[in-house]
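The structure appears right after this line, and notes come after that.
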Amino acid sequence: MKKILLGLILSVVASLSYAQECDSLVNECYKYLLKDKRNNKVFISDGQVYQAFVDVEQSAEFKVTLYGGTLYRIATTAGIDDNYVIFNVYDQDRNLLFSNDKYKNKPYWDFKIDNTMDCYIEAYLDIDKKISGCLVILLGFQK
């Protein structure tokens, strides 16, 4: 009985620490949707928080619908440094539209699409920088 209780307590503690880590990262990630001082762009969240706890060689995938004619920003974070997350954006046929790994894992990307489409955002940690933890993605559109 004591072993079961101890296991339950450890599970609860692990869940709470995961939730706290992810919650603090969400707040960090929102800074990329706020006004950009260089060009006065403001992005409004789509209302979703895409988050996952990943480990070495794991990735998270999120399906999103993007509407034609809208300027979007994908913002990511997985900790204090801005370049922990590598993300790829694919169309519905799994054609790669963008990857931030060619841009030193830049934590956000602005883009506009012509036609409404379903896309997949795949994200994972750069294992040279972080091997496990929570990653957060926010999708915003321009006001």
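The figures follow:
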{"read-out": "Candidate aspartates and glutamates for bridging to residue 31, where Cα separation is under 20 Å - those fewer than 8 sequence places away on the same chain excluded", "value": "21, 23, 46, 81, 82, 110"}
{"read-out": "Length released on extending from residue 120 to residue 23, taking residue separation times 0.36 nm less the Cα-Cα span", "value": "32.6 nm"}
{"read-out": "Where a label projected 7 Å from the Cα of residue 36 along Cα→Cβ would reach, residues of segment 58-95 with amide N under 15 Å", "value": "70-76"}
{"read-out": "Sparse-neighbour loop sites [trypsin sites (Lys or Arg not before Pro); segment 84-132; at most 10 other C-beta within 10 Å; DSSP]", "value": "94, 104"}
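Only the coordinates and a few stated rules stand behind these numbers; no lab work does. Everything numeric in this text was worked out from a predicted model, so none of it was measured. With ideal geometry, Cβ positions are generated from the backbone for all residues, glycine too; neighbour counts draw on all protein chains shown.
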